[in-house]
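The values are calculated or read from the model by the stated rules, or taken from the named source; none is laboratory data. None of these values were measured; they are calculated from a predicted model. Cβ sites come from the backbone with ideal geometry, for glycine too, and all protein chains shown count toward neighbours.
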Amino acid sequence: MKEIVPSPPPLVHNQFESVRELFSQNVVPSYGRFDLVFSHGAGSYLFDVAGKRYLDLGAGIAVCCLGHAHPAITEALVEQSRKLIHVSNLYFTEPQGRLAAELVKRIGAGKCFFANSGAEANEGLFKLARKFGHDEGRFEILTATNSFHGRTLAGIAATGQDKVKKGFEPATPGFRHIPFNDLAAARNAISPATVAILMEGVQGEGGVMPATPEYLLGLRALCDEKKLLLFMDGVQCGHYRTGRFQSFQRILENVPGGEKFLPDGVSMAKSLGGGFPIGAFWVRAPYADLLGPGTHASTFGGTPLACAVALKVLEVIERERLDEQARKLGEWFKRELERLAATYPQVVKRARGLGFILGLELVEKEKIRAFTASDKTAALQFVNRLHEAGVLTIPAGTQIVRLLPPLNLKPQEAGEGISKIEEVIKSVA
């Protein structure tokens, strides 16, 4: 029987196996990796060692906001590395000051601290909250069920998903979880020890669930009433992914009172560096000086190299109006996903999200005959089938497939993505 897809030549096969063997022998097996080995990328596409091309609608889990091998990022890296890579935060450097000013301009009056990841950015907010409530003995932070806030010990304690906590007990104290989008639950959960509330504008790992405008406005009023800090985790849903710089800005757009909304802290990372590691948190003006000299630090936080890249990313997004691209093309993408849900209800339950953070919710695995023989979740099996079709997406939970494409995804690429997603749906319908 003739093979539809021929086996890769021996050299390529050996390269694939040799890379996997390197990992098997030398890399801690803390990730469940797909059987893919990538060699290079260009724009919205990645190429594996066999030369197969994949449309990347995952963007490194919402990181590669300008796609792969963007010349502006390469130029910024080369130019800055010729001048200064690192001097430590014992000294002033222009790129860090300029980047802080750009972030403040996009959020509101306040100041920024730079780290290397979203988990570190959230850790900074946790310390800010404890510093704020220390003299009154307040330290507890309320977060949402199904939230995700990082993989550090405090990050998994803050995260509202039991699967990340298993094997790492006892949990770091000071965190309790409340139902998402439930203002009454938030009010009822406040104790004398509560000092802050931390929420994602759109829950990413939790299945692409946006906060409602009423919830965000209600949390702000509640925190003001109870003298609590309100933090927003914008690591995944921020940096123009929803069509505005931060997701709460998009959610509250044209909502009465929304123009006055401002959290007390915002964590950022992922798309901030377009693939280069950098994290940050912004603190509102009244609390911006709480973390004084000696209270918090990061060796590699805000290096001239990282900040130069982040500045270039912002420049490209602004020049090419990629916020509008994410908004308009994201709305088209969502309508198409909703069409697929209506056309194939035996496979797809619903679509949700904003801009370029979208979720396709599958029906229960037991209802999809093609998936019942495997012990893998429906989301994982669907994502694997998309790999075969040449599309990369990100699973979330057991039934959600996340789409987090680069902000400069082209309309024809979006059309290609929808066509291939529909092909996979048809194949399992």
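Tabulated data
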quantity: Members of the range 31-47 that are among the aliphatic types (A, V, I, L, M) and over 16 Å from His387 (Cβ atoms); calculated: Ala42
quantity: Failed item in (1) out of contact with any helix residue (DSSP H, G or I) (no Cβ under 6 Å at 6 or more places or on another chain); (2) in contact (Cβ under 8 Å) with a residue 24 or more places away in the chain, with Ser44 passing the rest; calculated: (1)
quantity: Test: residue in the range 67-83 that is on the phi < 0 side of the Ramachandran plot, of a type in the set (Gly, Ala, Ser) and assigned to a strand (DSSP E or B); calculated: no
quantity: Leu272 assigned by TED's automatic domain parsing to the domain that holds Gly97, assigned to a helix (DSSP H, G or I) and aliphatic (A, V, I, L, M); calculated: yes
quantity: Filter result (surrounded by fewer than 17 Cβ atoms within 10 Å (Cβ to Cβ) and basic (Lys, Arg)) within the range 412-429; calculated: Lys426
quantity: The range 384-416: number of residues that are hydrophobic (A, V, I, L, M, F, W, C) and without any contact (Cβ under 8 Å) to a residue 60 or more places away in the chain; calculated: 3
quantity: Criterion: assigned by TED's automatic domain parsing to the domain that holds Glu259 and under 19 Å from Val266 (Cβ atoms) - qualifying residue of Arg82, Arg106; calculated: Arg106
